[in-house]
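Here's the structure, in structure tokens; my notes come after.
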Amino acid sequence: MNKQQSLIEFRDFSFTYPTGENSAALKNINLVFEQGTLTILCGMSGSGKTTLLRHLKPELSPKGKADGQIKFAEDIINNRHNSKISFVMQNPSNQIVMDSVWHELAFGLENKGVMPEEIERRIAEIANFFGIESWIDKRVAELSGGEKQILNLASNMILQPDLLVLDEPTAQLDPIARRDFLQMLFYIHAETGTGIVLSEHNLDDLLENADQVVFLDQGRIDFRGTASGLANYLLLNNHPYQKALPVAARAGSLIMEDSDGIPLSIKQGRDLLSKTFIERDNGSLTSLGAEQDKSLLINKIEEKYKNSDNSELRAESEKYATKIMQAERLWFRYSPDDNLVLKEADLQIFDNEILAIMGGNGSGKSTMLYLLSKALSPLKGKVIISSDKRVAMLGQNPEAVFAQDTVAQVIREFQKRFENTEQEITDIIDRLDLGHLLKRHPYDLSGGEKQKVALAKVLLTKPDILLLDEPVKGLDVLNKDEIKQILQELKAKMSLVIVTHDIDFAAEVADRCAMIFNNRVIAVSPMPEFFQKNSYFTTTTYRLTRNIIDDCIVFEDLSEHLHNKDKEDSTN
Amino acid sequence: MRSLRDYHPLVSLLYFISVLTLSMMTRNPIWVTLCFVFSGFYVVRLHGVKRLLKSLLTFMPMLALIVFINSYFNSLGLTVLFYLGEGKPITVENLSYGVFSGLALFTVFLWFTSYNSMLSSDEILAIFGKRLPTIGLSLSMILKYIPDTIEQGTEISLNQKAMLGQEKLSNSQKAKFAARMLTVLLSWSMENSLETADCMLAKGYPSKNRISYSRNCFNKRDLRMVLSFCGIFILHMITAFIGAIKFNYYPYLTWNGLESNRILLSGAICSLILLLVLPAMLDLFQWFIWRRILKQEKEMEHRIKSGIIIYE
């Protein structure tokens, strides 16, 4: 095999930010990016992913103290301001410069002084390749977040880069938009052979396409190799980051003795599971045929719920828990000319529960929360809240509540209004572990930290019902876990309504789930039932185990099941 | 009017500048009426009758105000109709002056209504972009920021209300809140623009050989169009200002132009009508061409059906 040409090579590279005191952001990086390869860069927040990526693009390299060498191949870079490297960032909207789609596509070419005829041809070409001809005349403001990010990809690809660098490009997208974006990215990779370097928190649907995986830990390269190699490494060392691995890989590690050929996709995982369980247990195989009949399956689930603990839980939540908030037949539209966002939408919220509301993009989930919080008033219908209960809501972007220059000031803004004692404030700061951030500017924090600061602020308004819009959007697994724990603790004191795109997160945290579809709230049901009745809109674990192992909705169910199975096997 | 759109945006810009000049330069009732009728006609063509009636309705009180103010403070004119209050004479002259001034103002408004829907921001950029690239770029960026900022502003205000819940606010608190919202909005969009700046850098922005690309290019057809209506416009200006346009409201309504050369007068009025009717004529031409094509097609169909033409 021909050795591929290396585009960029890091040799013993270290980097320290001016404010970084003595801790380096990158330490002894030795890394090669070859032509046409797809590299995935992973690691926790603050492990130096962005710093490393920005060094791949000289125009964006941060200022600071650098040691070692970065060697760029001759033909991809002429000078510091003209490289054949493109860079896509996280926020879809902020990256767009111009106001119309065609002009945004032309922007990079205009800067390079490309002739108008050539620009025309390249726009036509790229619009065709991306299948975006129909929105070429649109204003940028008319596009959805996912479309904006596709546009960002297109406006970078039009420059015909040799290397495309993407810094968490899908963190702000919903799952469907994420899927479309990644498919487009892999298509580009396959069709054009452009080298790609991608950093991501969520490794699902990614690893199986990677040529090279790099795992960063505190500025060091902790692992470099293949995707299954990374899975092995993290699982064997029981590294906390293993939770970021696809569910199939984590399940595989529980089953397989040696970890070669660990499954990375759902399909591979299902193959492995069914093989294992056919070998081990013929009983579940016989029931497989019957279970394929969907109606029988649902009957079975319902029967099961009549007898199981869950049904008691359900009865409890519906009969004995006190209803503290109710939305009755809500109708809403943003302006007289718009379509209805909600129509006859009903919802009930009980004491000390977590209700997760899911649904597609633009289905009206956020609108529902604004209506419940009474920031918006419905066209028809009403929201009834038990007297003496306070409702507070936190929107999708924590930045919207940051009006001050330090974290401490942000948190204390409404101290007088809500008569917070010093004790209350320190309790919350300690619980959310914000003590070390108090003097920082809120905009300098990471996504997870911003979310926690906003959460502290809203908790100090002493709500009885807390509404959260996408509390884990763009967060890594560890931050997500932390938020999950906090929410579960809060449940003892209040009710929570969470709007989220993250199905797995909803399954881990919620007591009840609901979907907004066709302007109404539908399928309101206890969490396990909600996911078991769905075949497509359901958790990754359930999709992995459906018809093979019963009742595994979150990964803990599966690992428990396998654990018990092992015990049975060893006693037999 | 729609066919004017097929030309380079500069053509429609120049056309609108010339009709605006015509509508504003004189209070001559003939000129004002003609301009008003045609501007109204184009609004109907582009937006429908409803839009025109709506604008008329909203304009009526303003027209009344203009007429009243003019008649009340201006006691010129000799044909007294009646006296208002302490002997303020209301005359035919000051009444009609008020009406035609108001109408001229309304005409300008109507032209802008048509013009707005004719030219998108892209097309305005195409006009400025070539000559003044920095202004073109800034304009485009501002046009992108406006919807973004409105969206963020709405989000911030909703978030404020949603966090603080159902409390009623006093006026001073409301003012405080608005100021606070503005702070949040400013720092948030500042933060976002840092990212935009990075992206501009990443796409090689500060560059010496930057060009301004526009999807429209000015060709010979555009030039012919501009030359023809500029010609009419100049002809009109000459004939009108030699005398035809002269009209005095005070002391009596007198049209001096009528007494001057008849050829000049008819030239001026003809060129005015020609200029105003031009976009409609273009539309009409296109419609004729279109109809001929359709007719031909029908004829062909007929021939095929009746077996005159046979394809083997």
Cα gyration tensor, the range B:78-229 - rounded (a/c under 1.5), prolate or oblate:
oblate
What does the extension gain come out to for B:LEU57 and B:LEU227, with contour length at 0.36 nm per residue minus their alpha carbon separation?
57.4 nm
So if I place +1 on the C-beta of Lys and Arg and -1 on the C-beta of Asp and Glu, and nothing else carries charge, what would the dipole magnitude of chain B be about its Cα centre? I want it in debye, nearest 20.
380
Name the residues of the range A:11-44 whose amide N is less than 19 Å from a point 7 angstrom out from the Cα of A:GLN69 along the C-beta direction?
A:11-15, A:27-35
Which of B:ALA202, B:ALA178, B:ILE146 sits closest to the plus end of the dipole of the range B:131-202, meaning its Cα is farthest towards the positive end, when Lys and Arg get +1 and Asp and Glu get -1 on the C-beta?
B:ALA178
Go through A:ASN128, B:PHE285, B:ASN116 and say which Cα lies farthest out towards the positive end of the charge dipole of the protein assembly as shown; charges sit on Cβ, +1 for Lys and Arg, -1 for Asp and Glu.
B:PHE285
For each of B:LEU182, A:LEU342, count neighbouring Cβ atoms within 10 Å of the residue's Cβ, then give the residues from fewest to most.
B:LEU182, A:LEU342
Go ahead and set up a Gaussian network model of chain B, Cα springs under 10 Å, then flag whichever of B:SER55, B:SER207, B:SER114 fluctuates most.
B:SER207
Ranked output for segments B:284-291, A:505-512 by mean other Cβ atoms within 10 Å, highest leading, reads A:505-512, B:284-291
For a protection proxy built on the mean count of beta-carbon atoms within 10 angstrom, sort A:59-71, B:297-309 highest first, please.
A:59-71, B:297-309
Using the alpha-carbon centroid of each, what span in Å lies between the range B:1-66 and the range A:178-234?
60
B:MET300 paired with A:TYR443, simple spin-label distance in nm, labels 7 Å along Cα-to-beta-carbon:
6.3
Roughly how many nanometres apart are two label points built 7 Å out from the Cα toward the Cβ at A:ALA124 and A:SER570?
7.0
Counting other Cβ atoms within 10 Å, keep those with at most 11, restrict to DSSP loop, and tell me which trypsin sites (Lys or Arg not before Pro) in the range B:117-217 are left.
B:LYS168, B:LYS208
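Please get the size of the charge dipole for the range A:377-442, origin at its Cα centre, with Cβ charges of +1 on Lys and Arg and -1 on Asp and Glu, quoted in debye to the nearest 20.
Dipole of the range A:377-442, to the nearest 20 debye: 420 debye.
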For a quick check: sort A:THR461, B:THR91 by the number of other beta carbons within 10 angstrom, fewest at the front.
A:THR461, B:THR91
Computed FRET value (nearest 0.05) for B:ILE135 with A:LEU478, which takes r as the C-beta separation and R₀ as 51 Å
0.60
Using alpha-carbon positions, what is the distance between the centroids of the range A:6-60 and the range A:356-378, in Å?
40
Taking every residue in B:206-218, how many Cβ atoms of other protein chains lie within 10 Å of its Cβ, on average?
5
Looking at the protein assembly as shown, send over the antiparallel percent of its DSSP beta bridges, to the nearest 5.
55
Counting other Cβ atoms within 10 Å, keep those with at most 16, restrict to DSSP loop, and tell me which GluC sites (Glu not before Pro) in the range B:167-224 are left.
B:GLU167
Which listed residue (A:ALA523, A:THR194, A:SER535) has the Cα farthest towards the positive end of the charge dipole for chain A, taking +1 on Lys and Arg C-beta and -1 on Asp and Glu C-beta about the Cα centre?
A:ALA523
Kindly state, to the nearest 0.05, the FRET efficiency for A:ASP338 paired with A:LYS382, given R0 = 22 Å and r defined as their beta-carbon distance.
0.55
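Mind checking the mean number of beta-carbon atoms from other chains within 10 Å of the Cβ atoms in B:146-153? Mind showing how you got there, number by number?
Values: counts 2, 6, 6, 0, 1, 2, 4, 1.
Rounded to a whole number, the mean comes out at 3.
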Cα centre as origin, Lys/Arg/Asp/Glu Cβ charges: the range A:154-219 dipole, Debye:
160
How would you rank B:217-228, B:147-158, A:97-108, highest first, on the average number of other Cβ atoms within 10 Å across their residues?
A:97-108, B:147-158, B:217-228
For peptide B:133-141, what's the mean number of Cβ atoms from other chains within 10 Å of each residue's Cβ?
2
Consider a paramagnetic label point 7 Å from the Cα of B:ASN261 along Cα→Cβ; state which residues of the range B:224-248 have an amide N under 12 Å from it.
B:238-244
Quick calc: nm separation of the 7 Å Cα→Cβ label points for B:GLN286 and A:SER23 -> 6.5
For the range A:358-427, which GluC sites (Glu not before Pro) are both in a DSSP coil and crowded by at most 10 other Cβ atoms within 10 Å?
A:GLU419
Length gained if A:THR421 through A:THR322 is fully extended, taking 0.36 nm per residue and subtracting the Cα-Cα distance, is 32.7 nm
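FYI, it's all coordinate maths here, none of it is from the lab. Here the structure is a predicted model, which means the values were calculated and not measured. Using ideal geometry, Cβ is built from the backbone for each residue, glycine included, and neighbour counts are taken over all protein chains shown.
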